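The values are calculated or read from the model by the stated rules, or taken from the named source; none is laboratory data. None of these values were measured; they are calculated from a predicted model. Positions of Cβ are generated from backbone atoms using ideal geometry, with glycine treated the same way; all protein chains shown enter the neighbour counts.
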Amino acid sequence: MPYLQSLYRSYWPQPADVVAPRLRELHWHPNVDEWQYYVKVSARMTVFAAGAHARTMDFHAGDVGYINQSLPHYVENIGDTDLVFLEVFRRPSTRIFRLASGLRTLRRA
């Protein structure tokens, strides 16, 4: 399937899962936008923007989410079983900053 080969040269999907009833920690990607394709169960995602604005959206299997680069966000599993989704990026090496990791670094300083 040539169209899939072309897709994988331009986009890099990475599977992600969140065990019920947990959330994926607050993080952001400074160098790339993120698309998400929700495969299994239900999720709630919150995205934070400048000026203390935030938006929370619910997603179900088959839905697609989008986050602009550098916007902090987290994904919460609101279902009864493990959440499965694909994170899709436009570059093979994606940088990620996690709030918890940053706080640990500050504590050591």
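Descriptive notes on the structure:
- Residue tally, condition of a type outside the set (Gly, Ala, Ser) and in a strand (DSSP E or B), over the range 13-35: 13
- Condition broken by Tyr66, with the remaining ones in (1) at pLDDT below 95; (2) under 15 Å from Phe89 (Cα atoms) satisfied: (1)
- Among residues of the range 22-34 that are closer than 14 Å to Ala100 by Cα, those with a Cβ under 7 angstrom from a residue that is part of a loop (DSSP other than H, G, I, E, B) and hydroxyl-bearing (Ser, Thr, Tyr), sequence gap 6+ or separate chain, pair up as Trp28/Ser70.
- Restricting Arg90, Arg95, Arg44, Arg24 to residues that are on the phi < 0 side of the Ramachandran plot and in contact with a helix residue (DSSP H, G or I) (Cβ under 8 Å, 6 or more places away or on another chain) narrows the list to Arg90.
- Only one of the numbered conditions (1) in contact with a Pro (Cβ under 8 Å, 6 or more places away or on another chain); (2) modelled with pLDDT of 85 or more is not met by Leu99, and that is (2).
A quick yes/no check of all residues on (1) free of Cβ contacts under 8 Å to residues at least 60 places away in the same chain; (2) assigned to a loop (DSSP other than H, G, I, E, B); (3) of a type in the set (A, V, I, L, M); (4) in contact with a Leu (Cβ under 7 Å, 6 or more places away or on another chain):
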site: Tyr38; (1), (2), (3), (4): yes, no, no, no
site: Arg44; (1), (2), (3), (4): yes, no, no, no
site: Phe48; (1), (2), (3), (4): yes, no, no, yes
site: Gly51; (1), (2), (3), (4): yes, yes, no, no
site: Ala54; (1), (2), (3), (4): yes, no, yes, no
site: Met57; (1), (2), (3), (4): yes, no, yes, no
site: Gly65; (1), (2), (3), (4): yes, no, no, no
site: Ser70; (1), (2), (3), (4): yes, yes, no, no
site: Val75; (1), (2), (3), (4): yes, no, yes, yes
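- Among the candidates Ile67, Ile96, residue that is β-branched (Val, Ile, Thr) and crowded, with 18+ Cβ neighbours inside 10 Å: Ile67
- Number of positions in the range 35-58 that are of a type in the set (A, V, I, L, M, F, W, C), under 13 Å from the mean Cα position of the chain (by Cα) and within 15 Å of Pro21 (Cα to Cα): 2
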